[in-house]
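The values are calculated or read from the model by the stated rules, or taken from the named source; none is laboratory data. Being a predicted model, the structure only gives us computed values, none of them experimental. FYI the Cβ positions are ideal-geometry reconstructions off the backbone, even for glycines, and counts take in every protein chain you see.
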Amino acid sequence: MSNRADRTPNIWRKQYALPAEHGSWIWWLGPLFIGLAAGGHPDLDAVLLFLAVLFAFLLRQPSTIIVKAISGRRPKADLVPALFWIIGYGLIAGLAVWALIASGHPQVVLLAIPGVPVFAWHLWLVSRRAERGQMGIELVGAGVLALAAPAGYWVAGGMSERVPWILWLLTWLQTAASIVFVYLRLDQRKLEATPLPRDRWRQGGRTLIYHAFNLVASLGLAILGWAPWLVPVAFTLMLADALEGVTHPPVGAKPAAIGFRQLGASALFMIVMTLGYRLKV
């Protein structure tokens, strides 16, 4: 009897409810807060939007577990707790979306549409045991999560037709560059010794191109008056961080240390961008 009880899954275990990738949280939190700051007047609807995006984001973990259980990668016993969390998250997200529509923000719901095929793509990769190391879907998924920026802008009372899409583009560009950078750092950690300077620059070329492009694009927007001047400052900081990472490979570092370092850089970007749009400087 006790052995059977031991095999019964505990629905409250965090593996059923929370994603293991801690760094992915900033992919939607950053755009959301930047969008709210740019909108200028966040209120209770901002809380509803936060809840809708949060619980829609959390749906990924139990959904992934269900696909793994069906495809034989996890025990069938995991189906029940995963389904429990899917229903719970879905109900809360659905109620938050309904409240947003009732408050006069139906356009926010449309932003969720691109996420459906991307989510289906992810689950298909999971079913084929091919979800790891897929930079392509991560870059596309970052673009979907960056839609939290225009959503936040609209909910916070923003009226411009141009600004929400500039916010989306800027936050997507930054997340894409950070993803490429993290992949570089994870490759660097596997090296047996610190490479020669010319090899470091060669290996980090793609990362530096992404960050340099972002800086040039943001600088152009600031010159045109379409973005605050703190926006190119934020991208300058990210380029400086990438330069430091390329020239100082984390040979032998733990993946968690690399992840937390990038999380700190992304948080700094979010703070500077938020200040720029909030203070209009």
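A few comments on the model shown:
- Only helices (runs of 4 or more DSSP H) whose full extent lies in the range 108-166 are considered here, and the ones with at least 2 residues that are among the aromatic types (Phe, Trp, Tyr) are 115-127, 148-155.
- Being of a type in the set (Phe, Trp, Tyr) and without any contact (Cβ under 8 Å) to a residue 40 or more places away in the chain is a condition met by at least one residue of the range 194-210.
- Restricting the first member to the range 149-166 and to residues that are on the phi < 0 side of the Ramachandran plot, and the second to residues that are assigned to a helix (DSSP H, G or I) and charged (D, E, K, R), the beta-carbon pairs closer than 9 Å and six or more apart or on different chains are Val155/Asp45; Ala156/Asp45.
- Residues considered: Gln174, Gln188. Of these, the only one that is crowded, with 21+ Cβ neighbours inside 10 Å, in contact (Cβ under 8 Å) with a residue 60 or more places away in the chain and over 20 Å from the mean Cα position of the chain (by Cα) is Gln188.
- Output for the range 37-58, where each listed residue is surrounded by 17 or more Cβ atoms within 10 Å (Cβ to Cβ) and without any contact (Cβ under 8 Å) to a residue 40 or more places away in the chain: Phe50, Leu54
- Just one residue in the set Glu138, Glu131 is in the same structural domain as Leu58 (by TED's automatic domain parsing) and surrounded by fewer than 19 Cβ atoms within 10 Å (Cβ to Cβ); that residue is Glu131.
- Matching residues, the range 98-124, being free of Cβ contacts under 8 Å to residues at least 24 places away in the same chain and under 14 Å from Val140 (Cα atoms): Ile113, Val116, Pro117, Ala120, Trp121
- Selection of the range 137-191 for residues being of a type outside the set (A, V, I, L, M, F, W, C) and more than 19 Å from Ala38 (Cα to Cα) yields Glu138, Gly141, Ser178, Tyr183, Arg185, Asp187, Gln188, Arg189, Lys190.
- Any hit, the range 219-233, residues being within 21 Å of Ile26 (Cα to Cα), of a type in the set (Gly, Ala, Ser) and assigned to a helix (DSSP H, G or I): no
- Out of Val53, Val126, Val80, Val108, one residue alone is of a type outside the set (S, T, N, Q), over 28 Å from Tyr183 (Cβ atoms) and within 21 Å of the chain's Cα centre (by Cα). It is Val108.
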